[in-house]
Structures are given as C-alpha cells and as structure tokens.
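Beneath this line is the structure, given in structure tokens, with notes to follow.
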Amino acid sequence: MKIYNDINDIYPLALGQIRALLAAARGDRAIEFKEKSIRGEAVSFTLSGKGISAILLKMEEVQGRVDTPG
C-alpha cells in the first residue's frame with residue numbers, strides 16, 4: 001500500500017503500519033504519519049480516524065459487503 005500527497009511524494013507502508021492504520025480506523029483516533037519523502041525531507045501529516053472509518057465503510061457498501069461476515 002502506498003500513500004500519495006498533494007505533491008506526488010510516495011510513502012510506502014510496511015505491513016505493521018497497515019495493521020496499525022486499520023486498528024486506528026476502527027476507533028476515532030487521529031492517525032499521524034511521520035516519514036521522509038523520497039527527496040529526504042521530514043514530513044508528517046494526520047488523517048482523521050473518523051474520516052478513514054467512513055471511507056472504509058463506504059468502500060464496503062459499494063462492494064456489497066456491509067453486514068457480511070467477510
């Protein structure tokens with residue numbers, strides 16, 4: 001999984017980071033990313049836990065997966 005920002009820097013996520021992201025999305029905690037850009041600059045940005053949870057729910061809705069065991 002990769003995250004892109006508004007200036008097209010790419011932030012690849014390790015499996016542990018993806019698991020932490022999904023765990024945080026189950027609640028309403030803020031999710032903060034601290035990384036170095038591909039140009040070596042230190043950057044950080046925050047995602048809303050409520051926002052990502054809503055996005056994931058909408059994705060499940062579009063796929064017909066809401067209220068299913070999978």
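The values are calculated or read from the model by the stated rules, or taken from the named source; none is laboratory data. Remember, predicted model here, so these are calculated numbers, not experimental data. All Cβ positions, glycine included, derive from the backbone under ideal geometry; neighbour counts span all protein chains shown.
Can you find, within the stretch 28-44, the residue that is nearest to L56 (Cα to Cα) among those that are surrounded by 10 or more Cβ atoms within 10 Å (Cβ to Cβ) and of a type in the set (G, A, S)? Of everything passing the filter in the stretch 28-44, A30 is nearest to L56 (Cα to Cα). Can you report the number of residues in the stretch 28-60 which are at pLDDT 80 or above, under 18 Å from G16 (Cβ atoms) and among the acidic types (D, E)? Going through the stretch 28-60 one residue at a time, the tally reaches 1. Give the stretch 45-70 a look and list any residue that's assigned to a loop (DSSP other than H, G, I, E, B) and either of a type in the set (G, A, S) or surrounded by 13 or more Cβ atoms within 10 Å (Cβ to Cβ) (or both), or say none. Correct list: S48, G64, G70. The lone criterion from (1) among the hydrophobic types (A, V, I, L, M, F, W, C); (2) within 12 Å of the chain's Cα centre (by Cα); (3) at pLDDT 80 or above; (4) surrounded by 12 or more Cβ atoms within 10 Å (Cβ to Cβ) left unmet by I18 is number (4).
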